[in-house]
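The values are calculated or read from the model by the stated rules, or taken from the named source; none is laboratory data. What you see is a predicted model; the values in this text were computed from it and never measured. Don't worry about glycine lacking a Cβ; one is built from the backbone with ideal geometry, like all the others, and counts go over all protein chains shown.
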């Protein structure tokens, strides 16, 4: 249940960023994410709930390492604190 809550927090942050960028739900974009430090609990949870995240925000979600030289609409760093 705690892990699902953390996945929902990730979704919330992505939704707020989409709104901040001025996007509407019908805009077709791909969300790229990066997590530091690598191999963290947050990274594990995000990977485990990736389908849930994509289905909820209705956009593809991929690791930042897969970002090509496409157009970046918005980029933002955020801190998420994971506590058990």
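Can you report the number of residues in segment 19-33 which are modelled with pLDDT under 90 and either touching a strand residue (DSSP E or B) at 6+ places or on another chain (Cβ under 6 Å) or assigned to a helix (DSSP H, G or I) (or both)?
Total meeting the criteria: 0.
Would you check which residues across segment 48-76 are farther than 19 Å from residue 23 by Cβ, outside any helix (DSSP H, G or I) and under 11 Å from the mean Cα position of the chain (by Cα) and list them?
Residues of segment 48-76 farther than 19 Å from residue 23 by Cβ: 48-52, 63, 65-66, 68-69.
Checking the rest, the ones that are also outside any helix (DSSP H, G or I) come to 49, 63, 68-69.
Hits for segment 48-76 are 49, 63.
Taking residue 14 as the residue in question, decide whether it is surrounded by 13 or more Cβ atoms within 10 Å (Cβ to Cβ) and assigned to a helix (DSSP H, G or I).
yes
Could you please find all residues in segment 44-69 being surrounded by fewer than 10 Cβ atoms within 10 Å (Cβ to Cβ), touching a residue at least 12 places away in the same chain (Cβ under 8 Å) and at negative phi?
Within segment 44-69, 65, 66 qualify.
Restricting to segment 20-43, name every residue that is surrounded by 15 or more Cβ atoms within 10 Å (Cβ to Cβ) and more than 16 Å from residue 70 (Cβ to Cβ).
35, 42, 43
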